[in-house]
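First the structure, in the form of structure tokens, and then the observations on it.
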Amino acid sequence: MTSRNLNQTWRDVVFKQYETDHAADVPFPVRYLINASQWKKDIFIEIPNKIDPPVFRRAVLHFVTSKRHEDDPAYEDDLIKVRARIPYRLRHSASAQGSDDAPPQADTDQPEPSAAVTSG
């Protein structure tokens, strides 16, 4: 009998995807959107430059250990940048009220136009 544990943490998913992207030589910067149950919110992980997978793994683990007891997962170092995704309704309700705390319009959770795939 074969038995496999198919449960994965969000970190396992990100590590596996980064290894795939690294091997495929995708263009950098790379940005991942994933739900981080630790903070009960979606987060963006941005990697500005290509780094080896073990270095990426250590950078993510350093981020997690340094932010594990905080409500806001915002983090940045020379290898990765992490921030919480601001839901659409919160972005637009804050801007409709004229709040100075509203995030800039260019900082959205929508894919960039150049990332669109065309069929041909």
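Before moving on, here are some points about what is shown:
- Here's the picture: charge each Lys and Arg Cβ at +1 and each Asp and Glu Cβ at -1 in region 10-98, and of Tyr88, Ile51, Val14 the one pushed furthest to the positive end of that dipole is Tyr88.
- From most to least packed by mean Cβ count within 10 Å, the peptides 48-59, 65-76 give 48-59, 65-76.
- FRET efficiency for Asn49 and Asn7, using Cβ-Cβ distance with R0 set to 35 Å, rounded to 0.05: 0.65
- In nm, spacing of pseudo-spin labels at Arg83 and Asp25 (7 Å Cα→C-beta vector): 3.2
Where a number appears in this text, it was derived from the coordinates with a stated rule and is not lab data. Note that the coordinates shown come from a computational prediction; the quantities given were computed from them, not determined experimentally. Glycine also receives a Cβ, built like all others from the backbone with ideal geometry; neighbour counts cover every protein chain displayed.
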